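The values are calculated or read from the model by the stated rules, or taken from the named source; none is laboratory data. As the structure is a prediction and not an experimental result, all values here were calculated from the model. Cβ placement follows ideal geometry from the backbone for every residue including glycine, while neighbour counts extend to all protein chains displayed.
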Amino acid sequence: MQVTESDIATLKPAPYNPRQKTEHVLASVRASLSEYGWLQPIVVNTHECERCGDRRNVIVGGHRRLEAAYANGDKTVPVVTVDLHIEDEKRANLRLNAQEPFDKKSLADLITDLHTLDAERAKTLGFDVNAIVNLLFQARYQGNKLAGILQEKFLIPPFSVFDSKQGYWRKRKQQWIDLLGDLAETREGKLAGSDANILMRGLNAGVSIFDPVVSEVMFSWFMPERGRILDPFAGSLARGGVAAALGHDYTGIEIRKEQIETNERKLAELGLAATYHHADAKQANAILPPDATYDLIFTSPPYYDLEIYSERAGDISAKQTYAEFLGDYSSIFEQAVSRLRPNRFVILELGEIRDERGFYRNFLGDTVALMKRLGFDLYNEIIHLQMLATAPHRAERNMRKRKVVKTHQNILAFYKGDPELLKNPRLLEIHRKVLTFFKGDPEAIRAEYKNPPPIRRDILAPAEPAED
């Protein structure tokens, strides 16, 4: 290894260098140089090629020593040279700084720029692969701010749980509300007044609100740019409004005329437009143009009688029996999917519903079976965690019958076609389900189980002092 003297003015700091810059470190290095001299020279690249460009005089290792020398008034510094392509230059930078404190964001950017880092390569650079994974995650989501690669590519983390309580989600949702206005506004002002809507009348002034961030993400992930969307239950402005704002061609079918008028008025005020048909979605093939086809079916169907949107004839949320509801539900989607282009998605946000005895009806399972019969396979399932709202107030009452308070919805993504044509990665699964089943009379739960459920002390917590 040959050490030569180089003019400080000719050396170029690497712009990607991830080491933290602090006055304390600089002062320490300056003191070391003054007392001990140059125990380690600066490493400088000499490479130049058409692909990498001019890497000559770029510092690979020794940025702090160069700064200290400049601060001490030195004009030249000892250097050793290497001839490295830019990828190897960056790897060498990481290796030479492996034991130093880093700026996490800068280090994550540099590691990401190297694309892949298997276990053996990580060891040669002085890093543990698990540490790198944790570093990347922490750096990208410090302070709940979606900085970096996942936000740039996917808007939100492409995981199987959407957490709408997070700061980054609430901020993005508020931006959509600022643009579109009151997403709960209808001329009726509330859902129909049946007992089934007691819960919903306690939320959002009686109207369940679809999350506009879900719309934005679904349009981004599961359809081509400037695609055509069909929504058979088009009451929510959070779907039509977001689609119009993003430049998509949105067609919605909605049985409530006043809701359509409200949506169209609000879009017109914003200089946006979407196509709405005032009709029963069971008549979709009769009202849609014969040659109309779509790139995505995206909707949130009625959950049988959980929310009664209106008491009009034809509103399937007001059907007398679950079997009748499923019959109309099937007919609507049979017609909708017949308009879908090949290799496209059907995205549904829905939730499980209970029968009059308190048992789940398996609405999600019935939906999966229906889509399977129509030729669509379940490709992604997403748990959409929602704000708690009145959940804490309902918890004690629900637990008298051992019913946990439901604070999530399910987003199901169905696909029909060649999966090899999909370019975006599948969602990363970060949740598991716990299913509870019961056989017998639900009223027995209240009598035979202690109410409220006993609170068990954490066995790792300090023991409580005995009472005198």
**Prompt:** Looking at region 365-385, is at least one residue at positive phi, assigned to a strand (DSSP E or B) and either in contact (Cβ under 8 Å) with a residue 60 or more places away in the chain or not aromatic (Phe, Trp, Tyr) (or both)?
**Reply:** no
**Prompt:** Restricting attention to region 1-58, and to residues there that are assigned to a strand (DSSP E or B) and charged (D, E, K, R), which single residue is surrounded by the most Cβ atoms within 10 Å (Cβ to Cβ)?
**Reply:** ARG19
**Request:** State all residues of region 228-244 that are under 29 Å from GLY417 (Cα atoms), touching a Leu at 6+ places or on another chain (Cβ under 6 Å) and modelled with pLDDT under 95; if no residue qualifies, say none.
**Result:** ALA238, GLY241, ALA244
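Okay, residues lined up against (1) touching a helix residue (DSSP H, G or I) at 6+ places or on another chain (Cβ under 6 Å); (2) at pLDDT below 95; (3) of a type in the set (Val, Ile, Thr):
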{"position": "LEU348", "(1), (2), (3)": "no, no, no"}
{"position": "PHE359", "(1), (2), (3)": "no, yes, no"}
{"position": "GLY365", "(1), (2), (3)": "no, no, no"}
{"position": "VAL368", "(1), (2), (3)": "no, no, yes"}
{"position": "THR390", "(1), (2), (3)": "no, yes, yes"}
**Asked** Quick one: in region 320-364, which of the residues that are over 20 Å from PHE233 (Cβ atoms) and either free of Cβ contacts under 8 Å to residues at least 60 places away in the same chain or outside any loop (DSSP other than H, G, I, E, B) (or both) is nearest to the chain's Cα centre (by Cα)?
**Response** ASN343
**Asked** Looking at region 182-209, which of the residues that are surrounded by 14 or more Cβ atoms within 10 Å (Cβ to Cβ) and under 20 Å from GLU264 (Cβ atoms) is modelled with the highest pLDDT?
**Response** ILE209
**Complete:** How many residues of region 270-302 are among the acidic types (Asp, Glu) and either in contact (Cβ under 8 Å) with a residue 60 or more places away in the chain or touching a helix residue (DSSP H, G or I) at 6+ places or on another chain (Cβ under 6 Å) (or both)? The answer is 1
**Prompt:** So how many residues does region 63-77 have that are touching a Leu at 6+ places or on another chain (Cβ under 8 Å), surrounded by 13 or more Cβ atoms within 10 Å (Cβ to Cβ) and without any contact (Cβ under 8 Å) to a residue 60 or more places away in the chain?
**Reply:** 6
**Prompt:** Within region 384-392, is even one residue of a type in the set (Val, Ile, Thr) and over 20 Å from THR299 (Cα atoms)?
**Reply:** yes
**Request:** Please enumerate the residues belonging to region 378-393 that are out of contact with any Leu (no Cβ under 8 Å at 6 or more places or on another chain) and buried (at least 16 other Cβ atoms within 10 Å of the Cβ).
**Result:** TYR379, ILE383, HIS384, LEU385, GLN386
**Message:** Among the residues in region 82-91, are any in a helix (DSSP H, G or I), surrounded by fewer than 18 Cβ atoms within 10 Å (Cβ to Cβ) and touching a helix residue (DSSP H, G or I) at 6+ places or on another chain (Cβ under 8 Å)?
**Reply:** no
